[in-house]
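Shown next, in C-alpha coordinates, is the structure this report addresses.
The values are calculated or read from the model by the stated rules, or taken from the named source; none is laboratory data. Since we're looking at a predicted model, the values are computed, not measured. Positions of Cβ are generated from backbone atoms using ideal geometry, with glycine treated the same way; all protein chains shown enter the neighbour counts.
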Amino acid sequence: MKLRKVSAAAATALVLALTATACGGDDGGDSNGSGSGGGDKIKIGIKYDQPGLGLKEPDGSFSGFDVDVATYVAKELGYEPNQIEWVETKSADRENALSRGDVKMIAATYSITDERKQKVDFAGPYLLAHQDLLVKKDSDITKATDLNDKKLCSVTGSTSAQNVKNDFAPKAQLSERGGYSECLSALQSGAVDALTTDDSILAGYAAQDQYKGQFKLAGLKLSNENYGIGVKKGDSATLDKINKALEKMVSDGSWDKAVKENFGPANYKNEPAPKIGQIVQ
Amino acid sequence: MFDFLSDYDDPSLLGAFWVTVQLTVFSAIGSLIWGTLLAAMRVSPVPLMRGFGTAYVNIVRNIPLTVIIVFTSLGLADIFGVTMGAPDDFKLKYFRLAVLGLVAYTAAFVCEAIRSGINTVPVGQAEAARAIGLSFSQVLRLVVLPQAFRSVIGPLANVLIALTKNTTVAATIGVAEAALLMKEMIENEAQTLLIGAVFAFGFVVLTLPTGLFLGWLSKRLAVKR
(Lines give C-alpha, C1' and ligand atoms only; values in the text may rest on other atoms or scores of the structure.)
Protein backbone atom coordinates (compact mmCIF):
# COMPACT_ATOMS: atom_id res chain seq x y z
CA MET A 1 0.00 0.00 0.00
CA LYS A 2 2.76 2.37 1.00
CA LEU A 3 4.65 1.53 -2.18
CA ARG A 4 1.62 2.32 -4.29
CA LYS A 5 1.29 5.75 -2.66
CA VAL A 6 4.92 6.53 -3.35
CA SER A 7 4.71 5.48 -6.97
CA ALA A 8 1.52 7.48 -7.46
CA ALA A 9 3.24 10.55 -6.06
CA ALA A 10 6.25 9.93 -8.31
CA ALA A 11 4.00 9.57 -11.35
CA THR A 12 2.22 12.84 -10.51
CA ALA A 13 5.54 14.59 -10.13
CA LEU A 14 6.74 13.18 -13.45
CA VAL A 15 3.60 14.29 -15.27
CA LEU A 16 3.88 17.77 -13.76
CA ALA A 17 7.52 17.98 -14.81
CA LEU A 18 6.65 16.90 -18.36
CA THR A 19 3.85 19.46 -18.74
CA ALA A 20 6.11 22.14 -17.34
CA THR A 21 8.82 21.38 -19.90
CA ALA A 22 6.27 21.25 -22.69
CA CYS A 23 5.08 24.73 -21.74
CA GLY A 24 8.65 25.97 -21.65
CA GLY A 25 9.26 24.64 -25.15
CA ASP A 26 6.13 26.32 -26.49
CA ASP A 27 7.09 29.65 -25.00
CA GLY A 28 10.50 29.51 -26.59
CA GLY A 29 8.99 28.74 -29.99
CA ASP A 30 6.50 31.59 -29.75
CA SER A 31 9.00 34.26 -28.83
CA ASN A 32 11.32 33.11 -31.61
CA GLY A 33 8.54 33.27 -34.15
CA SER A 34 7.41 36.79 -33.29
CA GLY A 35 11.02 37.93 -33.02
CA SER A 36 11.85 37.26 -36.64
CA GLY A 37 8.36 37.80 -38.03
CA GLY A 38 7.44 41.09 -36.33
CA GLY A 39 10.53 42.90 -37.54
CA ASP A 40 10.93 44.97 -34.39
CA LYS A 41 14.17 43.20 -33.41
CA ILE A 42 17.15 42.03 -35.41
CA LYS A 43 19.32 39.08 -34.45
CA ILE A 44 23.00 39.41 -35.27
CA GLY A 45 25.60 36.71 -34.79
CA ILE A 46 28.96 37.71 -33.30
CA LYS A 47 31.76 36.07 -31.34
CA TYR A 48 31.69 36.55 -27.58
CA ASP A 49 35.32 35.79 -26.83
CA GLN A 50 37.50 37.90 -29.09
CA PRO A 51 38.71 41.16 -27.59
CA GLY A 52 38.82 43.97 -30.13
CA LEU A 53 36.38 42.21 -32.49
CA GLY A 54 33.48 40.71 -30.61
CA LEU A 55 33.60 40.50 -26.84
CA LYS A 56 30.93 40.11 -24.20
CA GLU A 57 31.98 42.26 -21.28
CA PRO A 58 31.43 41.04 -17.70
CA ASP A 59 28.55 43.55 -17.33
CA GLY A 60 26.73 42.02 -20.32
CA SER A 61 27.48 44.74 -22.87
CA PHE A 62 29.32 44.05 -26.12
CA SER A 63 32.39 45.66 -27.61
CA GLY A 64 34.67 45.25 -30.59
CA PHE A 65 35.09 46.11 -34.23
CA ASP A 66 32.62 43.48 -35.48
CA VAL A 67 30.08 44.79 -32.99
CA ASP A 68 30.62 48.40 -34.12
CA VAL A 69 30.28 47.46 -37.79
CA ALA A 70 27.16 45.38 -37.14
CA THR A 71 25.61 48.18 -35.07
CA TYR A 72 26.24 50.67 -37.87
CA VAL A 73 24.83 48.33 -40.52
CA ALA A 74 21.77 47.58 -38.39
CA LYS A 75 21.16 51.31 -38.03
CA GLU A 76 21.21 51.69 -41.81
CA LEU A 77 18.73 48.80 -42.04
CA GLY A 78 16.42 50.68 -39.68
CA TYR A 79 17.20 49.14 -36.31
CA GLU A 80 18.31 51.19 -33.32
CA PRO A 81 21.03 49.70 -31.08
CA ASN A 82 18.45 48.69 -28.46
CA GLN A 83 16.60 46.65 -31.09
CA ILE A 84 19.63 44.44 -31.73
CA GLU A 85 19.70 41.03 -30.13
CA TRP A 86 23.28 39.67 -30.09
CA VAL A 87 23.67 35.93 -30.54
CA GLU A 88 26.89 34.00 -30.06
CA THR A 89 27.89 32.19 -33.26
CA LYS A 90 30.98 30.04 -32.82
CA SER A 91 32.98 29.19 -35.93
CA ALA A 92 31.37 25.79 -36.40
CA ASP A 93 27.78 27.08 -36.06
CA ARG A 94 27.91 29.99 -38.44
CA GLU A 95 26.57 28.43 -41.63
CA ASN A 96 23.79 26.55 -39.84
CA ALA A 97 22.70 29.57 -37.81
CA LEU A 98 22.17 31.49 -41.07
CA SER A 99 20.44 28.75 -43.02
CA ARG A 100 18.07 27.97 -40.11
CA GLY A 101 17.28 31.65 -39.80
CA ASP A 102 18.47 31.92 -36.17
CA VAL A 103 20.24 35.15 -37.07
CA LYS A 104 19.74 37.70 -39.83
CA MET A 105 23.43 38.28 -40.36
CA ILE A 106 26.79 37.30 -38.93
CA ALA A 107 29.76 39.56 -38.31
CA ALA A 108 32.11 37.22 -36.47
CA THR A 109 35.65 37.29 -37.92
CA TYR A 110 34.00 35.49 -40.82
CA SER A 111 36.62 35.11 -43.59
CA ILE A 112 35.18 34.86 -47.09
CA THR A 113 36.22 31.52 -48.61
CA ASP A 114 34.98 29.53 -51.59
CA GLU A 115 33.75 26.63 -49.44
CA ARG A 116 31.68 28.96 -47.29
CA LYS A 117 30.33 30.88 -50.29
CA GLN A 118 28.57 27.69 -51.39
CA LYS A 119 26.54 27.78 -48.18
CA VAL A 120 26.03 31.47 -47.41
CA ASP A 121 26.26 34.84 -49.16
CA PHE A 122 28.78 37.43 -48.05
CA ALA A 123 28.45 41.19 -47.93
CA GLY A 124 31.65 43.20 -47.79
CA PRO A 125 34.51 42.53 -47.12
CA TYR A 126 34.70 45.16 -44.40
CA LEU A 127 38.20 44.39 -43.14
CA LEU A 128 41.34 42.85 -44.62
CA ALA A 129 43.29 41.03 -41.94
CA HIS A 130 46.47 38.97 -42.18
CA GLN A 131 47.71 36.05 -40.21
CA ASP A 132 50.46 37.38 -37.96
CA LEU A 133 52.41 36.57 -34.83
CA LEU A 134 52.08 38.00 -31.35
CA VAL A 135 55.47 37.87 -29.62
CA LYS A 136 57.05 39.19 -26.46
CA LYS A 137 58.27 42.78 -26.58
CA ASP A 138 61.95 41.71 -26.83
CA SER A 139 61.49 38.91 -29.36
CA ASP A 140 63.81 38.63 -32.38
CA ILE A 141 61.34 36.99 -34.79
CA THR A 142 61.15 39.23 -37.87
CA LYS A 143 60.43 36.98 -40.85
CA ALA A 144 58.53 33.81 -41.61
CA THR A 145 61.67 31.70 -42.06
CA ASP A 146 62.63 32.40 -38.43
CA LEU A 147 59.72 30.25 -37.39
CA ASN A 148 60.93 26.77 -38.19
CA ASP A 149 62.80 26.21 -34.93
CA LYS A 150 60.31 28.10 -32.78
CA LYS A 151 57.43 27.05 -30.57
CA LEU A 152 54.09 28.40 -31.75
CA CYS A 153 50.64 28.35 -30.26
CA SER A 154 47.22 28.62 -31.89
CA VAL A 155 43.66 27.48 -31.43
CA THR A 156 42.79 23.84 -32.14
CA GLY A 157 41.64 23.28 -35.69
CA SER A 158 41.70 26.97 -36.65
CA THR A 159 42.70 28.07 -40.14
CA SER A 160 45.78 29.73 -38.68
CA ALA A 161 46.95 26.49 -37.06
CA GLN A 162 46.44 24.61 -40.32
CA ASN A 163 48.39 27.26 -42.26
CA VAL A 164 51.37 26.85 -39.94
CA LYS A 165 51.36 23.06 -40.31
CA ASN A 166 50.87 23.00 -44.06
CA ASP A 167 52.58 26.15 -45.36
CA PHE A 168 54.70 28.55 -43.33
CA ALA A 169 56.55 26.43 -40.85
CA PRO A 170 55.94 22.69 -41.08
CA LYS A 171 58.97 22.07 -38.86
CA ALA A 172 57.91 24.45 -36.11
CA GLN A 173 56.55 23.01 -32.89
CA LEU A 174 52.86 23.87 -32.78
CA SER A 175 50.84 23.68 -29.59
CA GLU A 176 47.12 23.73 -30.37
CA ARG A 177 44.92 24.85 -27.50
CA GLY A 178 41.28 25.44 -26.66
CA GLY A 179 41.39 29.24 -26.78
CA TYR A 180 43.66 32.21 -27.35
CA SER A 181 43.75 33.04 -23.63
CA GLU A 182 45.41 29.67 -22.99
CA CYS A 183 48.04 30.56 -25.59
CA LEU A 184 48.59 33.98 -24.00
CA SER A 185 49.40 32.46 -20.62
CA ALA A 186 51.88 30.12 -22.32
CA LEU A 187 53.41 33.07 -24.16
CA GLN A 188 53.70 35.00 -20.91
CA SER A 189 55.42 32.10 -19.13
CA GLY A 190 57.75 31.47 -22.06
CA ALA A 191 56.39 27.99 -22.82
CA VAL A 192 55.85 29.14 -26.42
CA ASP A 193 57.61 31.80 -28.50
CA ALA A 194 54.67 33.17 -30.45
CA LEU A 195 50.90 33.11 -30.74
CA THR A 196 49.60 33.10 -34.30
CA THR A 197 46.25 34.04 -35.80
CA ASP A 198 44.68 37.02 -37.61
CA ASP A 199 46.42 40.31 -36.72
CA SER A 200 43.08 41.94 -35.90
CA ILE A 201 42.43 39.36 -33.18
CA LEU A 202 46.00 39.59 -31.89
CA ALA A 203 45.79 43.38 -31.76
CA GLY A 204 42.63 43.07 -29.70
CA TYR A 205 44.36 40.83 -27.16
CA ALA A 206 47.50 42.96 -26.98
CA ALA A 207 45.32 46.01 -26.34
CA GLN A 208 43.65 44.41 -23.31
CA ASP A 209 44.53 46.16 -20.04
CA GLN A 210 46.22 43.21 -18.35
CA TYR A 211 48.58 42.62 -21.31
CA LYS A 212 49.29 46.20 -22.35
CA GLY A 213 52.97 46.78 -23.15
CA GLN A 214 54.03 43.14 -22.83
CA PHE A 215 53.51 41.91 -26.38
CA LYS A 216 53.91 43.22 -29.91
CA LEU A 217 52.83 42.16 -33.38
CA ALA A 218 55.66 40.81 -35.53
CA GLY A 219 54.13 42.43 -38.62
CA LEU A 220 54.36 39.41 -40.96
CA LYS A 221 51.62 39.23 -43.57
CA LEU A 222 51.32 35.47 -43.72
CA SER A 223 47.87 35.26 -45.31
CA ASN A 224 44.90 37.37 -46.41
CA GLU A 225 41.66 37.09 -44.49
CA ASN A 226 38.74 39.04 -45.95
CA TYR A 227 36.16 39.51 -43.23
CA GLY A 228 32.64 39.63 -44.63
CA ILE A 229 29.14 39.81 -43.19
CA GLY A 230 27.36 36.53 -43.78
CA VAL A 231 23.69 36.44 -44.74
CA LYS A 232 21.37 33.61 -45.69
CA LYS A 233 22.02 32.21 -49.17
CA GLY A 234 19.79 34.01 -51.69
CA ASP A 235 18.83 36.90 -49.40
CA SER A 236 20.04 39.46 -51.95
CA ALA A 237 17.82 42.32 -50.68
CA THR A 238 19.54 42.30 -47.28
CA LEU A 239 22.91 41.76 -48.97
CA ASP A 240 22.55 44.92 -51.08
CA LYS A 241 21.44 46.99 -48.08
CA ILE A 242 24.41 45.78 -46.01
CA ASN A 243 26.84 46.56 -48.82
CA LYS A 244 25.43 50.11 -49.12
CA ALA A 245 25.69 50.53 -45.36
CA LEU A 246 29.31 49.40 -45.39
CA GLU A 247 30.15 51.84 -48.19
CA LYS A 248 28.57 54.65 -46.23
CA MET A 249 30.41 53.64 -43.08
CA VAL A 250 33.75 53.99 -44.87
CA SER A 251 32.87 57.26 -46.62
CA ASP A 252 31.61 59.09 -43.52
CA GLY A 253 34.66 58.19 -41.45
CA SER A 254 32.95 55.92 -38.90
CA TRP A 255 35.01 52.99 -40.18
CA ASP A 256 38.34 54.69 -39.41
CA LYS A 257 37.09 55.73 -36.01
CA ALA A 258 36.02 52.17 -35.14
CA VAL A 259 39.40 50.75 -36.23
CA LYS A 260 41.30 53.28 -34.09
CA GLU A 261 39.12 52.67 -31.05
CA ASN A 262 39.36 48.89 -31.12
CA PHE A 263 42.88 48.13 -32.34
CA GLY A 264 44.74 51.29 -31.33
CA PRO A 265 47.38 50.47 -28.73
CA ALA A 266 49.07 47.41 -30.28
CA ASN A 267 51.35 48.63 -33.08
CA TYR A 268 48.64 47.47 -35.49
CA LYS A 269 48.87 49.01 -38.95
CA ASN A 270 45.49 48.34 -40.45
CA GLU A 271 44.90 47.97 -44.17
CA PRO A 272 42.80 50.70 -45.79
CA ALA A 273 39.10 49.94 -45.94
CA PRO A 274 38.49 47.27 -48.61
CA LYS A 275 36.11 47.97 -51.50
CA ILE A 276 32.88 46.00 -51.57
CA GLY A 277 33.32 42.76 -53.47
CA GLN A 278 37.11 43.16 -53.69
CA ILE A 279 38.57 39.98 -52.27
CA VAL A 280 42.34 39.79 -51.85
CA GLN A 281 43.50 36.26 -52.43
CA MET B 1 30.32 14.49 -51.55
CA PHE B 2 33.07 12.84 -49.53
CA ASP B 3 35.96 13.99 -51.72
CA PHE B 4 37.12 16.60 -49.18
CA LEU B 5 38.11 13.79 -46.82
CA SER B 6 41.24 13.06 -48.88
CA ASP B 7 42.40 16.71 -48.83
CA TYR B 8 43.86 16.35 -45.34
CA ASP B 9 47.29 14.89 -44.69
CA ASP B 10 48.46 16.35 -41.38
CA PRO B 11 46.74 14.45 -39.88
CA SER B 12 44.95 12.39 -42.53
CA LEU B 13 41.64 10.73 -41.69
CA LEU B 14 43.21 7.33 -41.05
CA GLY B 15 46.22 8.92 -39.34
CA ALA B 16 43.94 10.80 -36.96
CA PHE B 17 42.00 7.66 -36.04
CA TRP B 18 45.31 5.81 -35.64
CA VAL B 19 46.33 8.39 -33.02
CA THR B 20 42.95 7.82 -31.35
CA VAL B 21 43.68 4.08 -31.27
CA GLN B 22 47.16 4.71 -29.84
CA LEU B 23 45.77 7.02 -27.15
CA THR B 24 43.18 4.38 -26.27
CA VAL B 25 45.63 1.47 -26.12
CA PHE B 26 48.30 3.24 -24.06
CA SER B 27 45.73 4.75 -21.70
CA ALA B 28 43.93 1.41 -21.35
CA ILE B 29 47.13 -0.41 -20.37
CA GLY B 30 48.17 2.36 -18.01
CA SER B 31 44.80 2.69 -16.34
CA LEU B 32 44.43 -1.09 -15.98
CA ILE B 33 47.72 -1.23 -14.06
CA TRP B 34 47.10 1.89 -11.97
CA GLY B 35 43.44 0.98 -11.41
CA THR B 36 44.37 -2.51 -10.18
CA LEU B 37 46.90 -1.01 -7.77
CA LEU B 38 44.25 1.42 -6.52
CA ALA B 39 41.76 -1.43 -6.01
CA ALA B 40 44.39 -3.37 -4.10
CA MET B 41 44.95 -0.31 -1.92
CA ARG B 42 41.22 0.05 -1.25
CA VAL B 43 40.91 -3.53 0.06
CA SER B 44 44.29 -3.60 1.82
CA PRO B 45 44.61 -3.95 5.60
CA VAL B 46 46.70 -0.75 5.87
CA PRO B 47 44.43 2.20 6.80
CA LEU B 48 46.70 4.78 5.14
CA MET B 49 46.54 3.00 1.78
CA ARG B 50 42.80 2.49 2.07
CA GLY B 51 42.42 6.19 2.81
CA PHE B 52 44.57 7.20 -0.14
CA GLY B 53 42.72 4.87 -2.54
CA THR B 54 39.32 6.10 -1.40
CA ALA B 55 40.33 9.76 -1.56
CA TYR B 56 41.94 9.37 -5.00
CA VAL B 57 38.93 7.63 -6.53
CA ASN B 58 36.41 10.04 -5.07
CA ILE B 59 38.34 13.13 -6.06
CA VAL B 60 39.50 12.14 -9.54
CA ARG B 61 36.29 10.61 -10.84
CA ASN B 62 34.38 13.73 -9.86
CA ILE B 63 36.62 16.14 -11.77
CA PRO B 64 35.58 16.67 -15.40
CA LEU B 65 38.04 15.02 -17.78
CA THR B 66 38.49 18.27 -19.71
CA VAL B 67 39.76 19.95 -16.55
CA ILE B 68 42.25 17.14 -15.94
CA ILE B 69 43.54 17.14 -19.53
CA VAL B 70 43.83 20.91 -19.71
CA PHE B 71 45.59 20.86 -16.33
CA THR B 72 48.27 18.51 -17.70
CA SER B 73 48.99 21.13 -20.36
CA LEU B 74 48.49 24.46 -18.56
CA GLY B 75 49.50 23.24 -15.11
CA LEU B 76 52.01 20.43 -15.41
CA ALA B 77 53.67 21.49 -18.66
CA ASP B 78 53.48 25.29 -18.58
CA ILE B 79 53.86 26.02 -14.87
CA PHE B 80 55.74 23.04 -13.45
CA GLY B 81 57.80 22.42 -16.59
CA VAL B 82 56.94 18.72 -16.92
CA THR B 83 58.17 17.69 -20.37
CA MET B 84 57.48 13.92 -20.30
CA GLY B 85 60.93 13.29 -21.77
CA ALA B 86 60.22 15.31 -24.91
CA PRO B 87 60.98 19.01 -24.27
CA ASP B 88 61.48 19.90 -27.95
CA ASP B 89 58.88 17.68 -29.58
CA PHE B 90 55.42 19.12 -28.95
CA LYS B 91 53.63 16.24 -30.69
CA LEU B 92 55.17 13.64 -28.40
CA LYS B 93 54.98 15.84 -25.31
CA TYR B 94 51.28 16.57 -25.59
CA PHE B 95 50.48 13.00 -26.60
CA ARG B 96 52.18 11.73 -23.44
CA LEU B 97 50.52 14.39 -21.30
CA ALA B 98 47.14 13.34 -22.70
CA VAL B 99 47.87 9.68 -21.91
CA LEU B 100 48.88 10.71 -18.39
CA GLY B 101 45.61 12.58 -17.89
CA LEU B 102 43.50 9.77 -19.37
CA VAL B 103 45.23 7.16 -17.19
CA ALA B 104 44.77 9.24 -14.04
CA TYR B 105 41.06 9.67 -14.81
CA THR B 106 40.16 6.22 -16.16
CA ALA B 107 42.03 4.39 -13.39
CA ALA B 108 39.43 5.62 -10.89
CA PHE B 109 36.69 3.85 -12.86
CA VAL B 110 38.81 0.73 -13.43
CA CYS B 111 39.50 0.61 -9.69
CA GLU B 112 35.81 0.67 -8.82
CA ALA B 113 34.99 -2.00 -11.44
CA ILE B 114 37.69 -4.30 -10.07
CA ARG B 115 36.67 -3.65 -6.48
CA SER B 116 33.13 -4.72 -7.35
CA GLY B 117 34.66 -7.87 -8.87
CA ILE B 118 36.60 -8.51 -5.67
CA ASN B 119 33.31 -8.31 -3.76
CA THR B 120 31.89 -11.15 -5.89
CA VAL B 121 34.54 -13.55 -4.60
CA PRO B 122 33.11 -15.25 -1.50
CA VAL B 123 34.82 -14.10 1.69
CA GLY B 124 35.36 -17.75 2.68
CA GLN B 125 37.93 -18.14 -0.09
CA ALA B 126 40.05 -15.25 1.17
CA GLU B 127 39.72 -16.57 4.73
CA ALA B 128 40.74 -20.06 3.63
CA ALA B 129 43.73 -18.61 1.77
CA ARG B 130 44.75 -16.71 4.89
CA ALA B 131 44.32 -19.85 6.95
CA ILE B 132 46.84 -21.81 4.88
CA GLY B 133 49.34 -19.00 5.52
CA LEU B 134 49.29 -16.88 2.32
CA SER B 135 50.23 -13.22 2.72
CA PHE B 136 47.84 -10.40 1.74
CA SER B 137 49.48 -9.92 -1.67
CA GLN B 138 49.45 -13.67 -2.30
CA VAL B 139 45.76 -13.89 -1.41
CA LEU B 140 45.07 -11.07 -3.82
CA ARG B 141 47.29 -12.29 -6.67
CA LEU B 142 46.62 -16.03 -6.48
CA VAL B 143 43.04 -16.32 -5.26
CA VAL B 144 40.95 -13.16 -5.39
CA LEU B 145 42.07 -11.08 -8.40
CA PRO B 146 42.01 -13.90 -11.03
CA GLN B 147 38.35 -14.52 -10.20
CA ALA B 148 37.59 -10.83 -9.81
CA PHE B 149 38.95 -10.00 -13.27
CA ARG B 150 36.90 -12.72 -14.92
CA SER B 151 33.70 -11.35 -13.44
CA VAL B 152 34.33 -7.71 -14.38
CA ILE B 153 35.20 -8.04 -18.07
CA GLY B 154 31.76 -6.66 -18.92
CA PRO B 155 32.07 -3.51 -16.76
CA LEU B 156 35.67 -3.05 -17.93
CA ALA B 157 34.46 -3.17 -21.55
CA ASN B 158 32.16 -0.26 -20.67
CA VAL B 159 35.11 1.64 -19.27
CA LEU B 160 37.19 0.87 -22.39
CA ILE B 161 34.45 2.12 -24.72
CA ALA B 162 34.05 5.26 -22.62
CA LEU B 163 37.83 5.70 -22.74
CA THR B 164 37.87 5.40 -26.54
CA LYS B 165 35.38 8.22 -26.81
CA ASN B 166 37.04 10.22 -24.03
CA THR B 167 40.28 10.39 -26.05
CA THR B 168 38.57 13.12 -28.10
CA VAL B 169 39.17 15.45 -25.16
CA ALA B 170 42.90 15.27 -26.00
CA ALA B 171 42.11 17.62 -28.91
CA THR B 172 41.82 20.46 -26.37
CA ILE B 173 45.58 20.29 -25.81
CA GLY B 174 46.29 19.79 -29.51
CA VAL B 175 46.87 16.05 -29.87
CA ALA B 176 46.23 15.38 -33.56
CA GLU B 177 43.53 12.74 -33.11
CA ALA B 178 40.10 12.34 -34.66
CA ALA B 179 38.34 15.20 -32.85
CA LEU B 180 41.07 17.65 -33.83
CA LEU B 181 40.79 16.70 -37.50
CA MET B 182 37.03 17.05 -37.18
CA LYS B 183 37.47 20.60 -35.88
CA GLU B 184 39.78 21.41 -38.80
CA MET B 185 37.28 20.02 -41.32
CA ILE B 186 34.36 21.87 -39.78
CA GLU B 187 36.41 25.08 -39.90
CA ASN B 188 37.14 24.63 -43.63
CA GLU B 189 34.27 22.81 -45.23
CA ALA B 190 30.99 24.23 -43.92
CA GLN B 191 29.48 20.71 -43.88
CA THR B 192 28.94 20.19 -40.17
CA LEU B 193 26.39 17.38 -40.33
CA LEU B 194 28.23 15.25 -42.88
CA ILE B 195 31.56 15.59 -41.07
CA GLY B 196 29.94 14.78 -37.75
CA ALA B 197 28.42 11.63 -39.27
CA VAL B 198 31.77 10.51 -40.70
CA PHE B 199 33.49 10.78 -37.33
CA ALA B 200 30.62 9.24 -35.41
CA PHE B 201 30.82 6.30 -37.82
CA GLY B 202 34.58 6.07 -37.26
CA PHE B 203 34.06 5.74 -33.52
CA VAL B 204 31.36 3.13 -33.95
CA VAL B 205 33.79 1.13 -36.10
CA LEU B 206 36.29 1.29 -33.24
CA THR B 207 33.99 0.61 -30.31
CA LEU B 208 31.37 -1.81 -31.65
CA PRO B 209 33.77 -4.73 -32.32
CA THR B 210 35.50 -4.05 -28.97
CA GLY B 211 32.18 -4.28 -27.18
CA LEU B 212 31.08 -7.42 -29.00
CA PHE B 213 34.41 -9.19 -28.47
CA LEU B 214 34.62 -8.34 -24.78
CA GLY B 215 30.97 -9.30 -24.30
CA TRP B 216 31.69 -12.71 -25.78
CA LEU B 217 34.86 -13.00 -23.67
CA SER B 218 33.05 -12.13 -20.45
CA LYS B 219 30.47 -14.87 -21.08
CA ARG B 220 33.17 -17.39 -21.87
CA LEU B 221 35.31 -16.59 -18.86
CA ALA B 222 32.56 -15.99 -16.31
CA VAL B 223 33.15 -17.82 -13.04
CA LYS B 224 30.44 -20.45 -12.71
CA ARG B 225 29.15 -20.49 -9.18
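Remarks
- Among the residues of the stretch A:227-281, the ones that are β-branched (Val, Ile, Thr) and either assigned to a loop (DSSP other than H, G, I, E, B) or surrounded by fewer than 16 Cβ atoms within 10 Å (Cβ to Cβ) (or both) come to 3 in all.
- When the test is whether a residue is modelled with pLDDT of 90 or more, among the acidic types (Asp, Glu), within 27 Å of A:Lys269 (Cα to Cα) and not assigned by TED's automatic domain parsing to the domain that holds A:Tyr211, A:Asp121 does not pass it.
- Counting only residues that are surrounded by 14 or more Cβ atoms within 10 Å (Cβ to Cβ) and either within 8 Å of the chain's Cα centre (by Cα) or in a helix (DSSP H, G or I) (or both), the stretch B:38-51 holds 7 of them.
- Condition check for A:Lys136: surrounded by fewer than 20 Cβ atoms within 10 Å (Cβ to Cβ), away from chain B (no Cβ under 14 Å), of a type outside the set (Gly, Ala, Ser) and within 25 Å of A:Gly178 (Cβ to Cβ): yes
- Residues (in a helix (DSSP H, G or I), more than 10 Å from chain A (Cβ to nearest Cβ) and among the aliphatic types (A, V, I, L, M)) located in the stretch B:70-91: B:Leu76
- Residue ID - farthest from the chain's Cα centre (by Cα), chosen from residues in the stretch A:197-226 that are part of a helix (DSSP H, G or I) and within 12 Å of A:Tyr268 (Cα to Cα): A:Ala206
- Helices (runs of 4 or more DSSP H) lying entirely in the stretch B:138-203 (those with 2 or more residues that are of a type outside the set (Gly, Ala, Ser) and either within 8 Å of chain A (Cβ to nearest Cβ) or free of Cβ contacts under 8 Å to residues at least 12 places away in the same chain (or both)): B:178-189
- Breaking point among (1) under 14 Å from A:Ser139 (Cβ atoms); (2) within 14 Å of chain B (Cβ to nearest Cβ), for A:Leu202: (2)
Each row is one residue, and each column tells you yes or no for (1) at pLDDT 95 or above; (2) of a type in the set (Gly, Ala, Ser); (3) touching a helix residue (DSSP H, G or I) at 6+ places or on another chain (Cβ under 9 Å); (4) not in a helix (DSSP H, G or I).
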| residue | (1), (2), (3), (4) |
| --- | --- |
| B:Phe4 | no, no, yes, no |
| B:Asp10 | no, no, yes, yes |
| B:Gly30 | yes, yes, yes, no |
| B:Gly53 | yes, yes, yes, no |
| B:Ile59 | yes, no, yes, no |
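- Check on B:Ile63, under 19 Å from the mean Cα position of the chain (by Cα), part of a loop (DSSP other than H, G, I, E, B) and away from every other protein chain (no Cβ under 14 Å): yes
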